[in-house]
1. Determine the principal axes of the Cα atoms in segment D:23-130, then give the extent along each, sorted from largest to smallest and rounded to whole angstroms.
2. List B:284, A:152 from most exposed to least, where exposure is judged by having the fewest other Cβ atoms within 10 Å.
3. When chain B is modelled as a GNM with alpha-carbon springs shorter than 10 Å, which of B:369, B:282, B:361 fluctuates the most?
4. Treat each spin label as a single point 7 Å out from the Cα along the C-beta direction, and report the residue B:267 to residue B:120 distance in nm.
5. Return the whole-Å distance between the Cα centroid of segment D:80-131 and the Cα centroid of segment B:189-267.
6. Write down Rg/Rh for chain A, rounded to two decimals, with Rg from the C-alpha atoms and Rh from the Kirkwood relation over Cα pairs.
7. Please check: in the Gaussian network model of chain B (C-alpha springs, under 10 Å), which one of B:363, B:192, B:184 has the largest mean-square fluctuation.
8. Could you order the peptides D:81-93, B:106-118 from most to least packed, using the average number of other C-beta atoms within 10 Å per residue?
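Only the coordinates and a few stated rules stand behind these numbers; no lab work does. Since we're looking at a predicted model, the values are computed, not measured. We place every Cβ from the backbone using ideal geometry, glycine too, and count neighbours over all the protein chains shown.
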């Protein structure tokens, strides 16, 4: 890591209670190798203790620190300052869209959690369901076993809400289940969880997607919701067509 | 059922576990936290559900706590834990010298281990250093820090606990004789200031306990000891990989979701509010981590971060301080009524820390309700957000 | 994991979406044939009333094709309009009015189009 | 959690059309929605205009003559471009929806745009040549 120092203007969205939102600029000296969340945390630590922002793990396993950085949804703990601005440049930091703002950079993501609950999204699942290493989506052919039992691992989806913020449909359709939730349904598979068909094959489910693929573009965790929604459509259609022909 | 009102300051691992325990024992519980759940040390922990083997040689008290709590947490909060197991591996002669002590220590602490030949170890984890000399399986695990804390918080909330997030404690309320009867807070989200009165204030602010006790003019022996952790962009093993040696820098490489996390270092600081990530520590992590898993060198860094351990006692260097914990009743230590401080400990023992702290609170207030957290499964972490 | 039992939402399922896709594809196919046929049978273009009438009368397949084309285009456009309106998260009873309106527009447009086809074919007869 | 308004932080239908910060797939959606609205408006105008056929040769032929002014020709060109894009992108989305080619959705969109451009040029030249 270099000792290079940059001066960056953090233009931060501020909102308290019922007050009107406004932007406040903080000029920070940063290392370009630092992550955006480091800058935001320093604003709180050294400039303005009233700043409200969410964060926890600082390494993309918890999904708490999603924000919009220069208009694009980012998980700020893995977004290097070098990749989103330049020396003397600006970082516009705003809360995620399509969720109610609690204050400043924090939003209320209950919409996402309600959806994840609706499709019984598992927090840990068998290794064979996990897209490993972010390469491709299909599970690996050889799944490690321990005494004949398959290993469990934490789901890739960290429920950060970036996909809902980026989705052009979620902005107007509050009831839309949204990318993360549909992806969680796809991960389980309608074959294994047939009761999910009714949840996703509905007016607020899988047909509401208009294939903008913004969810996949912003997903920090290789969940690829865009692909999963399309695959879920295929699954629903296949199931319905089988039913037409009297299949189970 | 007691109708005492307990105010818990801090919603890190200790705070949420205490809130859960208090709520189960019939207390009215209010939690005050200056950020979101687990935004300090807890959220930034390594994520290793310790089997205790790491401490089996030089800190057996911690080791025994770890193996017991490891087994309890797997049962009460399976949603937040990847039961992937772990390995201790030896890659040089000094590691091998540690082997006998390790086997003996694990036996004494009742940590189940099994020795593998290098060939067996490489078959189950092909990305390990091919020059490894021996390996032991241990019942480690990986946990998701935020969701572990949220599961406790969600259960506490369902049992009536009230959470004030983004709310700083700005002062302690006293009765005029120096005894504590509540907290003065500032909710930063709504920019409102108010007071909360309670029968007991539990200071569970980890590395920040000194900031709260100083409001009552009390000093506690606390050594904020940060360490750096670095996440790499690829999952290279299924199990947690530990260096078979005494605890040291970069001796644990942990798979988490699609990443590997290497940790950690250890140094001392005064103010835990902001600790920079030091570039030379990051460089050391890749150096040490790749001795266990050479492929880390070819893997992109995904994140680097600092967490500040709340170790007890000052003066001694970080690694030699015990990783156990201590709950103080400030009536006994400083003649200040109404304030209890818990510090030290580690993520794996969060439930036990809460049990001991709430035992102390109950004893103080004359409440005679036993702890049931070890047998009570937690509800889904999502319930913290969804009623 | 303890979860609430999911409550399936009322409302149409895959069928409207499926019709939208199928009519969309059929529109493309018919448009393609339309251009081919048009180019082949009426190379000068159909730029006067007389030419159009003659074209329809001489090749009966043309008005039949146009009739189907009309039905597909109208249904595709109305289902599409509906899906855009759905995105607006309108209230249930407003959506019911919208549905009735769209069906009416569809029926009127189709009826009008078919009447128009016959009017052209029977021009001067 | 205390939340004063509970109203989501959205910009409503601006989200459908604002290309800032969005990527290839998002732009594809924006164009698809714009062309959908444009083509729908055109469809019903077109149907109404064709009503002139029922009013006899004078009405229709004078309308055709009227339609030869540049502004209307430009509008027709827009309809052709929009129709080509909407149709081709429709094929892309239909394929994707049956699980075909999703990882290549970007490349497919570039293909759609390329074909739209080529098709529009051909139609444009023809229109220019015949009039």
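1. Sorted largest first, the three principal extents are 55, 27, 19 Å.
2. Numbers: B:284 17, A:152 20.
Placing the least packed residue first, the sequence is B:284, A:152.
3. Of B:369, B:282, B:361, the most mobile in the Gaussian network model is B:369.
4. Once both label points are built, they end up 4.1 nm from each other.
5. Answer, in whole Å: 54.
6. Ratio of gyration radius to Kirkwood radius: 1.03.
7. Taking springs between Cα atoms under 10 Å, the residue moving most is B:192.
8. Working: D:81-93: 21.0, B:106-118: 16.1.
The packing order, highest mean first, is D:81-93, B:106-118.
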